[in-house]
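A.B. asks: Sharing a structure, written as structure tokens. Questions coming.
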Amino acid sequence: MNKTFTAIAFLPVILISAQVKTDSTKTRNIAEVTVIAKKPTIENKADRTVFNVANSSILAGNTTWDILRMTPQVSMDSNDNLLAEGESVTVYINDRKTVFRGKELKDYLKTIAADNLMKIEVITTPSARYEASGPVINIVLKKLENEGVKGSVSLTNTQNTKNSQSANFNINYHKKNFTETLTGGYSDNTSVMKNDNENFIYQNSELTKIHTESTEMGKSPSFSTTSELELNDKNNIGFIFEYSQTKRNSFSDAYGETFNENMLQNYYVKNQNLTGLNRNLGSNLFYKFYDKEKNRILDLNAGINYSSVTDTNSHIITSSTAIIPTGIRILADNQNRDYYFKADYSQPLGKSGSTIEFGGKTNFKNYVIPYDSYRLDNSNWIEDLSKSNDFHYLENLNSVYANFSKTFFKKLETRIGLRYEYIWFKVRQDVGNIEKTTSYGTILPDLLLKYPFSDNYVLTATYKHNIWRPWYSEMNPFELPLDNGNYVRGNMDLKPNPNDRYSLKLGLYKKYFVTASYWYSNQDYWTTYFKDGEKTIQIEENFPGNVMKYGLNFNTNQVFLKNKLNVNLSVNVNYTDNSDFNAKNDLKDAKDYFANFGGSSNISYNNLFNKNININGWFGLFSQNYGNSYGNQMNFFHNISVTKIFPKTKMEASLQMYNIFKRPVFDVTTYAPIGTFRNSMQADWYGFSLTFIKRFGNQKVKENTKTNVEKDSGGSKD
């Protein structure tokens, strides 16, 4: 590890030395100098951090999911849930909320090539315009509006434990007032994971050790199209269509041993095999009105999202306590439909410098999740009608909001927002005819104040009340087997988690930013465990109790050597008081107080030796403490890429090396009233990849010129 950090520390020095040597040996007479303004890699704004990645060498060979993992202030837990400053996030793409979370979101974002990215916005204090759920990550894709046809084609080969390949294309056509964009891709990926579990039950001092090795293969084609027609200089209409699918095939072998007082009691071997097909389809019909003179904006969006999961999952168990093998087979045919309509409007109020923004959204969800269960009987699969079940989830969420922005005393910028959400939902399972209907309304205020003491000292204060609602799959009571021999079950009685966040951000010399934050909640829901006979069940459960988090974040972005060398550093420390939470939930041996550390750095150098060689390095160090789960070690991540550009042929070749010095391990212990549960997962995110890109046409990217009243606080423009 020391050698790793030494190499990282000397990387900027090596680059600077190389450039100084080149500049000292070549001199030219320059008749005219043209200065081109370039956005920094990291921009700090009042309520968000912006990661500008357009045309960066970091994109080559990566997916959108990979770039998210390298975004400042963003981390993730061992279940692939994205976190911002340690809190769960909601993901938007081009200001459209996705319908996916966790592994579903990961699989979807891995179908979007990173070459389409313009920037990623990490919004720690979103305004009332955004639907409630804590911090927001907004993924903004590129928009090419030069006349004619342009685009790119890329081919990537990746070597992890196994070999994977992917190909992507992006075609853009723009003629006068019409723009058409086509993107598509195909990937054939194979990943290998190793897990070690230790489940310790307090009551009888029972210890179960489980080792699991699993391989997952996925073939994923994807396609999207965006059509936009400019009716006149104020009115645009358009349509977006997206489709992706993944044909999955995975298998795993697990070996478990149970001990009592260090004496082996029994053991089992579990073999799992899954074949399945996931499909995702999204559509969006939109209308935009933008009066540039009066700065009036109207956005209307309507759409339908559809996703399905069809798979067969078989588990065969051979144990020391059974004469013949036992088995479970689950057949799934899930159908999820989502319908929505959204309207947003904003305009200035007179000549006072004030801005008003308001709007609303209505959303309907209709999810049907049937599971057919089979048991193994003399090498034959017999349907178990007592365990087969259909789960239904219906939801209607309606919301309205208003934001008011005004500058007082010519310096004090303010934004006050209020959002009201009313939700009605019904959960039902056919077996036992169990049904539950719930509805409630929630008021969600937010406030932003920004005051520049001078050009070099700017202070911003924010407040936001959030509510995090359970995901539908967390409510499904059907019991599913896990690869390691445990089981997972949903909870129809889960309640939402309300919380409040306060923050102060100090900007110094437009380069240094320090943020202090306070987060509070009086209840939450987290993963816990219980015993059902011989089975260990994993479930989400509501936990009462106060939780307080204190955070401190530092970020700086520096450029050197005539903007060729760009260095960003982000450091985040959170201190959590879980004492009341642990006491009320009888979490023995859990930590009452703990700290979380997250630090990352992006280092990029453009045009090394004036040979069109770009170098990019990302380095991150993160701890893994959240809720009632605590990390047993910190993880060091790194990604180093070298890209060679061939201007005449518009070709690029990129080599990426990621986590080549140390392979990531997610090692977390979860505390439950019945015992402790440790999971150590050795991830497959390591190795190298080689990418070739061919571009054609004019690749100049056009920024979205539409003013967004909340993007830089107080109604200010970007």
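A.B. asks: Using the Cα gyration tensor of region 297-428, with a ≥ b ≥ c the square roots of its eigenvalues, what is the shape: rounded (a/c below 1.5), prolate (a/b larger than b/c) or oblate (neither)?
C.D. replies: Since a/c reaches 1.5 and a/b is larger than b/c, the shape of region 297-428 is classed as prolate.
A.B. asks: Under 16 Å Cα to Cα from K495, which lysines show up? Leave out anything in the same chain fewer than 8 places away.
C.D. replies: Filter leaves K426, K436.
A.B. asks: Summing +1 for each Lys or Arg and -1 for each Asp or Glu, what net charge is found among the other residues whose Cβ lies under 11 Å from the Cβ of S629?
C.D. replies: That works out to 0.
A.B. asks: Sum -39500 (n - 2.57) across every DSSP H segment of at least 4 residues in the chain, then divide by the residue count to get the 222 nm mean residue ellipticity, nearest 500.
C.D. replies: One gets -2000 deg cm²/dmol as the mean residue ellipticity at 222 nm.
A.B. asks: Here's another thing I want to ask about it. Let's test this: bin the Cα-Cα distances of region 555-644 at 10 Å from zero up to the farthest pair and state each bin's percent.
C.D. replies: 15, 32, 22, 16, 11, 5, 0
A.B. asks: Against the longest alpha carbon principal axis of the chain, how many degrees, from 0 to 90 and to the nearest 10, is the axis of helix 2-25 turned?
C.D. replies: 20 degrees
A.B. asks: Using only Cα atoms, what Kirkwood radius does the chain have, in angstroms?
C.D. replies: 27.5 Å
A.B. asks: Placing unit charges on C-beta atoms (Lys and Arg positive, Asp and Glu negative, everything else neutral), compute the dipole magnitude of the chain about its Cα centre in debye, rounded to 20.
C.D. replies: Dipole magnitude for the chain comes out near 3500 debye.
A.B. asks: Rounded to the nearest 0.05, what FRET efficiency do F530 and D188 give with R0 = 56 Å and r taken as the Cβ-Cβ distance? Could you check?
C.D. replies: 0.90
A.B. asks: Related question: For T161, T649, T515, what ranking results if the residue with the fewest other Cβ atoms within 10 Å of its Cβ goes first?
C.D. replies: Arranged by neighbour count, lowest to highest, T161, T649, T515 become T649, T161, T515.
A.B. asks: Peptides 374-383, 397-406: what's the order by average Cβ count within 10 Å, highest mean first?
C.D. replies: By packing density, highest mean first, the sequence is 397-406, 374-383.
A.B. asks: When ranked by the protection proxy of mean other Cβ atoms within 10 Å per residue, highest first, what sequence do the peptides 315-323, 422-430 form?
C.D. replies: 422-430, 315-323
A.B. asks: How much length is gained on full extension from R375 to V573, taking 0.36 nm per residue of separation minus their Cα-Cα distance?
C.D. replies: 66.4 nm
A.B. asks: Something else now. Assuming a ≥ b ≥ c are the square roots of the Cα gyration tensor eigenvalues, decide whether region 202-249 counts as rounded (a/c under 1.5), prolate (otherwise, with a/b larger than b/c) or oblate.
C.D. replies: Taking the square roots of the gyration eigenvalues as a ≥ b ≥ c, region 202-249 is oblate.
A.B. asks: What order do you get for M634, M492 when you list them from fewest to most C-beta neighbours inside 10 Å?
C.D. replies: M634, M492
A.B. asks: Each residue of region 597-603 in order: what ³J(HN,Hα) in whole Hz does its phi give by Karplus 6.51 cos²θ - 1.76 cosθ + 1.60, θ = phi - 60°, with x for Gly and Pro?
C.D. replies: 10, x, x, 8, 9, 10, 10
A.B. asks: Lysines near K510 by alpha-carbon distance under 16 Å, same-chain residues fewer than 8 away left out - which ones?
C.D. replies: K38, K39, K45, K450
A.B. asks: Explain nothing, just compute: Karplus ³J(HN,Hα) = 6.51 cos²θ - 1.76 cosθ + 1.60, θ = phi - 60°, for every residue of region 525-541 in order, whole Hz, x for Gly and Pro.
C.D. replies: 10, 9, 6, 9, 9, 8, 9, 10, x, 8, 8, 9, 10, 9, 8, 8, 9
A.B. asks: Okay, moving on. Read phi for every residue in region 206-211 and hand back ³J(HN,Hα) as whole Hz from Karplus 6.51 cos²θ - 1.76 cosθ + 1.60, θ = phi - 60°, with x for Gly and Pro.
C.D. replies: Going residue by residue, I get 8, 10, 10, 10, 10, 10 Hz, with x marking Gly and Pro.
A.B. asks: While we're on this one: Hey, what's the per residue convex hull volume over the C-alpha atoms of region 488-598, in cubic angstrom?
C.D. replies: 161 Å³
A.B. asks: Just from the alpha-carbon atoms, what are the Rg and Dmax of region 241-317 in angstroms?
C.D. replies: In Å, with Rg to one decimal and Dmax whole: 25.5, 80.
A.B. asks: Over 21 Å between Cα atoms: which of K209/K270; K176/K288; K142/K294; K175/K294 fall into that group?
C.D. replies: From K209/K270; K176/K288; K142/K294; K175/K294, over 21 Å: K142/K294; K175/K294.
A.B. asks: Using the Kirkwood radius over Cα pairs, work out the Stokes-Einstein diffusion coefficient for region 74-120 at 10 °C and 1.306 mPa s, in µm²/s as a whole number.
C.D. replies: For these conditions, the coefficient is 138 µm²/s.
A.B. asks: Count charges around N582 for me, please; just the other residues with Cβ under 14 Å from its Cβ, Lys/Arg as +1, Asp/Glu as -1.
C.D. replies: -3
A.B. asks: Here's something else I'd like to know. For a protection proxy built on the mean count of beta-carbon atoms within 10 angstrom, sort 171-184, 591-604, 82-95 highest first, please.
C.D. replies: Descending mean neighbour count gives 82-95, 591-604, 171-184.
A.B. asks: Right, another one. When a/c reaches 1.5 or more, the comparison of a/b and b/c decides; with that in mind, is region 351-452 rounded, prolate or oblate per its Cα gyration tensor?
C.D. replies: The shape class here is prolate.
No lab work stands behind these numbers, since they all come straight from the coordinates. Quick caveat: nothing in here was measured; it's all calculated off a predicted structure. So basically every Cβ, Gly included, is an ideal-geometry build from the backbone, and we count neighbours across all protein chains shown.
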